1. Roughly speaking, what is the stretch gain from E62 to E26, that is 0.36 nm per residue apart minus the C-alpha to C-alpha distance, in nm to one decimal?
2. Once you have the Cα-Cα distance between I47 and A106, take 0.36 nm times their residue separation minus that, and quote the gain in nm to one decimal.
3. Tell me the label-point distance for the pair V72, V118, using the 7 Å Cα-to-Cβ offset, in nm and rounded to one decimal.
4. Show the residues, 5+ positions off or on another chain, whose built amide H is closer than 5 Å to the amide H of Q104.
5. Loop-only trypsin sites (Lys or Arg not before Pro) in segment 87-138, please: DSSP not H, G, I, E or B, and at most 12 other Cβ atoms within 10 Å.
6. Can you work out ³J(HN,Hα) from phi for every residue in segment 91-103, in order, using Karplus 6.51 cos²θ - 1.76 cosθ + 1.60 and θ = phi - 60°, giving whole Hz and x for Gly and Pro?
7. What is the order of M69, M119, fewest Cβ neighbours within 10 Å to most?
8. From a point 7 Å beyond the Cα of E34 in the direction of its Cβ, which residues of segment 105-137 have a backbone N at a distance under 14 Å?
Amino acid sequence: MLTGWPFLVGGDSLLGIVNSGPATLERLRKRLLEMRAEILGEGDVAIEPARTDPTAVGGEDEAQALAEMNQVIASKRNRERTTALGRIQAALKRLDEAPDDFGQCAECGDPIGKRLEVMPYVELCVECQHARDGSPKGPGRRHLRDFR
């Protein structure tokens, strides 16, 4: 059951990723195909022109600013969806070409684990992803007043 972008998980658990048998791989494939179908089914977000009448000069500044903000938001959503679709396609290809290696980190070879529950298209374990992103290794915010 997909609960909308960015595909929050509800229901079935994929805790058996470490010992990825045919049933688990088939569930992952089904999930990836569902994610791809949802992205393709939604289509791109329309980017409305800033001006409806190209011959008009001036106009309301607030309306112009709102139209530009909506264009930026729609453009960003379209880029994120395109990126996610590419990652899903790559995961399906990896699943077809090397099913025995699917679910293992592309850098260290360790099992990816529970990350595949939410994002079945990931290639890296948490540690390697943190190293690639340059994320701090320590714990994140512990209290509402902790600002980093």
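1. Details: separation 36, 0.36 × 36 = 12.96 nm, distance 5.10 nm.
Extra length from E62 to E26 when fully extended: 7.9 nm.
2. Numbers: separation 59, 0.36 × 59 = 21.24 nm, distance 3.65 nm.
Net length gain for the segment: 17.6 nm.
3. The modelled label-to-label distance comes out at 2.7 nm.
4. Distant-sequence amide H within range of Q104: I112.
5. Numbers: sites: R87, K93, R94, K114, R115, R132, K137; in loops: K114, K137.
Of the trypsin sites (Lys or Arg not before Pro), the ones in loops of segment 87-138 whose Cβ has at most 12 other Cβ atoms within 10 Å are K137.
6. Running phi through 6.51 cos²θ - 1.76 cosθ + 1.60 with θ = phi - 60° gives 5, 5, 5, 4, 5, 6, 7, 9, x, 5, 8, 5, x Hz.
7. Values: M69 10, M119 18.
Listed from fewest to most nearby Cβ atoms, that is M69, M119.
8. Taking a point 7 Å out along Cα→Cβ of E34, the residues of segment 105-137 whose backbone N falls under 14 Å are 117-121.
Quick note: the coordinates plus some simple rules give every number you see, no bench work behind them. For clarity, every value in this text was computed on a predicted model and none was experimentally measured. Cβ atoms come from the backbone with ideal geometry, glycine included; neighbour counts cover every protein chain shown.
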